[in-house]
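Please read the structure below before turning to the comments.
Coordinate-derived values only; no laboratory data. Just so it is clear, the structure is predicted and the values come from calculations on it, not from any experiment. All Cβ positions, glycine included, derive from the backbone under ideal geometry; neighbour counts span all protein chains shown.
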Amino acid sequence: DQQVKQNSPSLSVQEGRISILNCDYTNSMFDYFLWYKKYPAEGPTFLISISSIKDKNEDGRFTVFLNKSAKHLSLHIVPSQPGDSAVYFCAASIRSNTGKLIFGQGTTLQVKP
Amino acid sequence: NAGVTQTPKFQVLKTGQSMTLQCAQDMNHEYMSWYRQDPGMGLRLIHYSVGAGITDQGEVPNGYNVSRSTTEDFPLRLLSAAPSQTSVYFCASSYSWTDRGDQPQHFGDGTRLSIL
């Protein structure tokens, strides 16, 4: 049973427009959520995170929104740039559970010039 | 400051062979973990450690052993490789959550392992 799901395997957007990546989770115990970005042949790189006590966290062009009632989070990238083309993974954790991360399947974002 | 270093980057094994994937970090992180990435599956936790001498199982531990004798190193052992273990393996580390609050994990660049 997949506890963290990214239902869109891929997303294509035009440079300068907004990219919205979505993630759903089933375990209501999750209280910390992260987004990672991954380029081919490299390890995942931490992008942004959000605690369950917040509903929004912003860092430059990246904003993560959390809707606890819907068990849904999203990553907004504005404006999108060609260098943002990568695989994006959302991950969730229970803080008291030593920080073990449960990952979604990933969404491949392509930003076209 | 190298971060998380994984060796080797690529390896081909025959079924039944054993090998050790190495992981070292120079950030004095207490927490270290191993993940495998398979197509369409995201990253799945194999084993993790919250400090030297302490290890525990993750989601998919079968066929793998770990030990943590130092803070810096966290090797992953395949005792008898099987084709189902063909995957990309990532090691990650972070500071302890109990000491410093929310801490994102930092990943190495991975080891691509093929079992024939």
- Task: Rounded to the nearest Å, what's the spacing between the alpha carbon centres of the range A:1-61 and the range B:1-72? Just the number, please.
- Result: 23
- Under the definition of Cα pairs under 8 Å and six or more residues apart, what whole-number percent is the relative contact order of chain A? 37
- Note on the structure: Residues of the range B:72-96 with backbone N under 20 Å of the label point set 7 Å from the Cα of B:K14 along Cα→Cβ are B:78-87
- What is the fewest-to-most order of B:R77, B:R68 by other Cβ atoms lying within 10 Å of their Cβ? B:R77, B:R68
- Give the order of A:D24, A:D59 when sorted by the count of other beta carbons within 10 angstrom, beginning with the fewest. A:D59, A:D24
- Message: Nothing charged except the Cβ atoms of Lys and Arg (+1) and of Asp and Glu (-1): what's the magnitude of the dipole of the range B:6-116 about its Cα centre? Round to the nearest 20 debye.
- Response: 480
- Message: Within the protein assembly as shown, how many Lys pairs that are eight or more residues apart, or on different chains, come under 20 Å at the alpha-carbon?
- Response: 19
- Counting other beta carbons within 10 Å of each Cβ, put B:R44, A:R17 in order, fewest first. A:R17, B:R44
- Message: Please compute the average number of Cβ atoms from other chains found within 10 Å of each residue's Cβ in peptide B:103-111.
- Response: 6
- Magnitude of the Cβ-charge dipole of chain A, K/R +1 and D/E -1, about the Cα centre, nearest 20 debye? 80
- Message: For chain B, set up a GNM with springs between Cα atoms under 10 Å and report which of B:S67, B:S96, B:S33 has the largest fluctuation.
- Response: B:S96
- Query: Considering every residue in A:1-8, what mean count of other chain Cβ atoms within 10 Å of its Cβ is obtained?
  - Reply: 1
- Item | Spin-label model distance (nm) - A:H72 vs B:I54, 7 Å beyond Cα toward Cβ | 3.8
